[in-house]
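The values are calculated or read from the model by the stated rules, or taken from the named source; none is laboratory data. Note that the coordinates shown come from a computational prediction; the quantities given were computed from them, not determined experimentally. Every residue, glycine among them, receives a Cβ derived from its backbone with ideal geometry; neighbour counts consider all protein chains shown.
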Amino acid sequence: MISIGQQREWAQQLVTASADAVDAAQPDWMAAARAAAVQALATLPLLDRKQEAWRYTRIDALLEQHFLPADAAPAVPAEALNGCLLPAFDAWRLVFANGRFMPWMSDLHDLPAGVQLRSLREALTTDAGPLARWFGQMSRHEGHVFTALNTALANDGVYLNIENGVELERPIEVIYFNQCADTPLLLQPRSLVVLESAARATLVERFISPDQSLYFHNNLSEIVLGAGAALGHYRLQDESRSAFHLGSLYLSQQQQSRYQGTTLAFGGRWARTEYNTTFSEAGAECVLNGLYTVGDRQLNDFHLDVRHTVPGCTSREQFKGVLYGKGRAVFDGRILVEKQAQHSDAVLTNDNLVLSRDAEVDTKPQLEIHADDVKCSHGTTVGQIDPQQLYYLRSRGIDADTARRMLCLGFAGEVLDTIDVQVLRELAAGRLVEILGTAAAAVE
Amino acid sequence: MLAITNLHVAIEDKPVLRGLDLNIGTGEVHAIMGPNGSGKSTLAHVLAGREGYEISAGEVLYEGADLLSLAPEERAHRGIFLGMQYPVELPGVNNMVFMREAVNAGRRARGEPELDSVAFLQQVREQARQLELDETLLKRNVNAGFSGGEKKRNEILQMAMLQPKLAILDETDSGLDIDALRVIAGGVNALRSPQRSILLITHYQRLLDYIQPDYVHVLAEGRIVRSGDRKLALELEEKGYGWITGEAAA
C-alpha cells in the first residue's frame, strides 16, 4: 500500500528532477501556475481506493517507477518516426517524440488566417492572449496529484486557437510517439484548444509506442468551445504494453456548441481516460464514444464526469469494452443534472463483451438528477458471445475463430463508425482485427 | 444422401426424439409434418450441429459419413444448409460481408477458388432480385431489424448463394403472407435438381401446394409414425393430427 508520504515524495522527486528543464523564458502567469501546482502536490490528499474514482484502479505500480523528465530522453531515430506516419492522411500535423516537438516531421503550412496552431512552448513566447486567459481555467478546481503534476511540469503540447467563424477544411493530426526502452520517462503534454464562436475543426490524436517502451504519459487537454462551435475529436491510444497512460480532458461548452469525441484505447499496461464536461450555456451538445480492449496485464479505465449545469443541453455517452485473458477494465460514468438544468437530455451506456473467465470489468454508471423535467437514461451490460449467434455463423460454414472475431468486430464496430475520419477509422479497424485475432483465438 | 437410423435425442434429460428413422435419396424432396412439440425443430438442429443435445443412440450417415461427429461448419462445407425458423440477428455484422465469408469459407474447404468481390456482388444481386429482396438489406447488418418475411427471404438468399446438397428448411413458411410464400417457394423450386435433396419441415400443408414433395412423413412424439406421398399431407389437413397421433398411441 502506498502512503501519503510516499505519494508526495514520488511527486517531489519528479519536480526536483525536472527543475532545470522548465523553460526559464515562461511568462509570469505560467510561473505562478506552476508554483501553485508544486504547492498543491505537497497538500493534495492520497489517491487511494477509499476514493470512489480510484476504487478499482491501483496506482501502486505507477508509483513504484522512477521516471525521468522528458528532457533527459534520448532522441528518437528518424526511421522510427517516419514509420508511424499515415501517408494517405491529408492533415496539418504536429509530431511529438519522447515529449519533444519535431518541427521537421510536422506540417503547419498554409493554415488559414485566424488559426493559431503551434507547440505550447512556442505559443508561450508568442501568444500570451488567449493562452493566458484560458490556461488552467477548466482543470484547476478539480486537480488531483496527476493534474497538478502536469501543470507543474508540463513540458510541451498543442496550442490551437481558431477565431470566430473560421472552419478548418483539413483535420489536424497530433502524434505522440514514445520510444524509451531503458529510461522510463515522464511525459507531460499539456494542450489548450480554443474554438471561438462558430469555428469548426477536426482533431485527431494518436498515442503510439513500440512494445517494451516504459513511460508515463500524463497528458492533459483543456478545450473551450464558443457559441455554435463544433469540434470532432478522435483519439487512438495504441501504446506499448509496458506504458502508463493518463489522459485528462476538460471541456467547457458554450451555447449551441457541439463536441463529438471518440477515444479508442487498445494499448498500455495501465491506461486511464478522464472526460470532464461542463456546459456553461444552454443548447450545447456533447457526444462521447469510447472503445477499450484489454488482455493479460492490461488495465483500462474510463471516468466520465458530465455536468449539466444549465438548461437544454444534450449528452450522449456510449462506451464499449472487449476483455480477454486476464484483462481488467473500469468504467465510471457520472452524469450530473443540476436543479436549474431543466430539459437536459442524457443517455449513457456501457456494454462489455467478456471473452474469458479471468477478465474483470467494474462498471458503474451514475445519474445524479436534481431537476424534474429531464430525459435521462443509462444502461450497462456485461456479457459473453451469444452461443446462438456463434452457431448461426458456423452453420453457414464460418469456422469458430472467425465467427467469434466477426461477432467481436460487430460489437465494437458501432463505436468505430462514430469516427468521421476515414483514414483513422480504417487504421483502427485494422488494429482491432489484429487484437481480436489474438483475443478470439485465446477463447475456450 | 441422408440415412437416419434409430435416433434418440434428449434436451436436459428430457427425451425429444425417440428412435427416428428417415432416408432421403439424392434429388428427393421430403416433407416432415407434425404437431407442435413433436421434435421437428430438434431434428433440424441436430442435423445442422447445434450444441446442447444429448444423442443417446442411433446414427446419421450423410453421403456415407458419420454426420454427428462433424462440427457445424464442416457440415456446411459438405453441403448441408439449415434455413432456420428463427434466423438469428447479428448486430454489427454486415450482411454482404457475412455472406461472402460464408461462401468463400465453403469454397476454401472444398479446394475451390474464392469468389472475388465483383463476381460475388453480381451473384448476390441477381439472387436478391429473384427473391424480391430489397437490395438495401444486403448492406444492413445480418437480420438486424428485418421483418419476419425479410428474415426468411434472407435465409433463402443464403441458401441460393451456398448451393447446398441437402437443404433443410425449418418452418420457412411460418409468419409469411401469401405473396411472400409464393416468392420463397419460387426460390426453393429454382434450386430443385437431381443432385440436390430438400427436407421441408412444416406445420401446415399450405407450403406443400407451392413446393410439391416426393414424400411426406408425420412426426409425432419423436418418431416417424406414418410416411406416404403428397396425399398424406392433404389427408392430414382434412382430419388433423389427432387422426394419426391418436392412432399411433392406440
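B:G106: without any contact (Cβ under 8 Å) to a residue 40 or more places away in the chain and touching an Asp or Glu at 6+ places or on another chain (Cβ under 9 Å), yes or no? Before the answer, list the steps.
Working: without any contact (Cβ under 8 Å) to a residue 40 or more places away in the chain: no; touching an Asp or Glu at 6+ places or on another chain (Cβ under 9 Å): yes.
Spelling it out, it is not the case that B:G106 is without any contact (Cβ under 8 Å) to a residue 40 or more places away in the chain and touching an Asp or Glu at 6+ places or on another chain (Cβ under 9 Å).
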Filtered residue count, the stretch B:221-236, keeping only those that are crowded, with 16+ Cβ neighbours inside 10 Å and part of a strand (DSSP E or B)
4
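Conditions tested, residue by residue: (1) surrounded by fewer than 20 Cβ atoms within 10 Å (Cβ to Cβ); (2) of a type in the set (V, I, T); (3) in contact (Cβ under 8 Å) with a residue 40 or more places away in the chain; (4) under 25 Å from A:Q389 (Cα atoms).
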{"residue": "B:I11", "(1), (2), (3), (4)": "yes, yes, yes, yes"}
{"residue": "B:P35", "(1), (2), (3), (4)": "yes, no, yes, no"}
{"residue": "B:A44", "(1), (2), (3), (4)": "no, no, yes, yes"}
{"residue": "B:E51", "(1), (2), (3), (4)": "yes, no, no, yes"}
{"residue": "B:A57", "(1), (2), (3), (4)": "yes, no, yes, no"}
{"residue": "B:P72", "(1), (2), (3), (4)": "no, no, no, yes"}
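Condition check ((1) buried (at least 16 other Cβ atoms within 10 Å of the Cβ); (2) out of contact with any Pro (no Cβ under 9 Å at 6 or more places or on another chain); (3) of a type outside the set (V, I, T); (4) in a loop (DSSP other than H, G, I, E, B)) across all residues:
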| residue | (1), (2), (3), (4) |
| --- | --- |
| A:W29 | no, yes, yes, no |
| A:V38 | yes, yes, no, no |
| A:T57 | yes, yes, no, yes |
| A:A80 | no, no, yes, no |
| A:R93 | yes, yes, yes, no |
Counting only residues that are outside any loop (DSSP other than H, G, I, E, B), in contact with a Pro (Cβ under 8 Å, 6 or more places away or on another chain) and not aromatic (F, W, Y), how many does the stretch A:96-115 have?
0
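Quickly run through the stretch A:289-318 and pick out the residues that are more than 17 Å from A:S252 (Cα to Cα), out of contact with any helix residue (DSSP H, G or I) (no Cβ under 8 Å at 6 or more places or on another chain) and assigned to a strand (DSSP E or B). Full working, then the answer.
Kept after step one, since they are more than 17 Å from A:S252 (Cα to Cα), are these residues of the stretch A:289-318: A:289-302, A:318.
Filter once more, so that each one left must be out of contact with any helix residue (DSSP H, G or I) (no Cβ under 8 Å at 6 or more places or on another chain): A:292, A:294, A:296-302.
If the condition is that a residue be more than 17 Å from A:S252 (Cα to Cα), out of contact with any helix residue (DSSP H, G or I) (no Cβ under 8 Å at 6 or more places or on another chain) and assigned to a strand (DSSP E or B), then A:Y292, A:V294, A:L299, A:N300, A:D301, A:F302 are the ones that fit.
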Looking only at the stretch A:384-412, and only at residues there that are without any contact (Cβ under 8 Å) to a residue 12 or more places away in the chain and within 14 Å of B:P91 (Cβ to Cβ), the one that is surrounded by the most Cβ atoms within 10 Å (Cβ to Cβ)
A:Y392
Quick check on B:A76: is it within 19 Å of A:T402 (Cα to Cα) and either among the charged types (D, E, K, R) or within 12 Å of chain A (Cβ to nearest Cβ) (or both)?
yes
Every residue in the stretch B:156-185 that is surrounded by 20 or more Cβ atoms within 10 Å (Cβ to Cβ), modelled with pLDDT under 95 and closer than 18 Å to B:L43 by Cα, please.
B:E171, B:T172, B:D173
Filtering the stretch B:50-100 for residues that are touching a Pro at 6+ places or on another chain (Cβ under 7 Å) and of a type in the set (F, W, Y) leaves a count of 1
B:V97 passes all but one of (1) facing chain A (nearest Cβ under 9 Å); (2) closer than 24 Å to B:I198 by Cα; (3) free of Cβ contacts under 8 Å to residues at least 24 places away in the same chain; which number fails?
(2)
Which numbered condition trips up A:L63, out of (1) touching a strand residue (DSSP E or B) at 6+ places or on another chain (Cβ under 7 Å); (2) surrounded by 13 or more Cβ atoms within 10 Å (Cβ to Cβ); (3) under 30 Å from A:E360 (Cα atoms); (4) not basic (K, R)?
(1)
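Given the residues B:G58, B:G52, B:G92, B:G83, which is the only one that is away from chain A (no Cβ under 12 Å) and not acidic (D, E)?
Numbers: B:G52 fails: away from chain A (no Cβ under 12 Å); B:G92 fails: away from chain A (no Cβ under 12 Å); B:G83 fails: away from chain A (no Cβ under 12 Å).
Selected residue: B:G58, the only one of B:G58, B:G52, B:G92, B:G83 that is away from chain A (no Cβ under 12 Å) and not acidic (D, E).
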Name the single residue, out of those in the stretch B:128-155 being in contact (Cβ under 8 Å) with a residue 60 or more places away in the chain and more than 14 Å from chain A (Cβ to nearest Cβ), that is surrounded by the fewest Cβ atoms within 10 Å (Cβ to Cβ).
B:Q130
Do the conditions hold for A:R272, that is, is it in contact (Cβ under 8 Å) with a residue 40 or more places away in the chain and more than 19 Å from A:V330 (Cβ to Cβ)?
no
Can you list the helices (runs of 4 or more DSSP H) found entirely within the stretch A:325-444 that contain at least 2 residues being at pLDDT below 95, within 14 Å of chain B (Cβ to nearest Cβ) and farther than 28 Å from A:G312 by Cβ?
A:400-416, A:422-441
Can you tell me how many residues within the stretch B:147-203 are more than 19 Å from B:P72 (Cα to Cα) and either in a loop (DSSP other than H, G, I, E, B) or among the polar types (S, T, N, Q) (or both)?
16
Quick one: which of A:S252, A:S242, A:S248 is over 14 Å from the mean Cα position of the chain (by Cα) and under 20 Å from A:H303 (Cβ atoms)?
A:S252
Which numbered condition in (1) under 15 Å from B:L162 (Cα atoms); (2) touching a Lys or Arg at 6+ places or on another chain (Cβ under 8 Å); (3) surrounded by fewer than 16 Cβ atoms within 10 Å (Cβ to Cβ) is the only one that B:S117 fails?
(1)
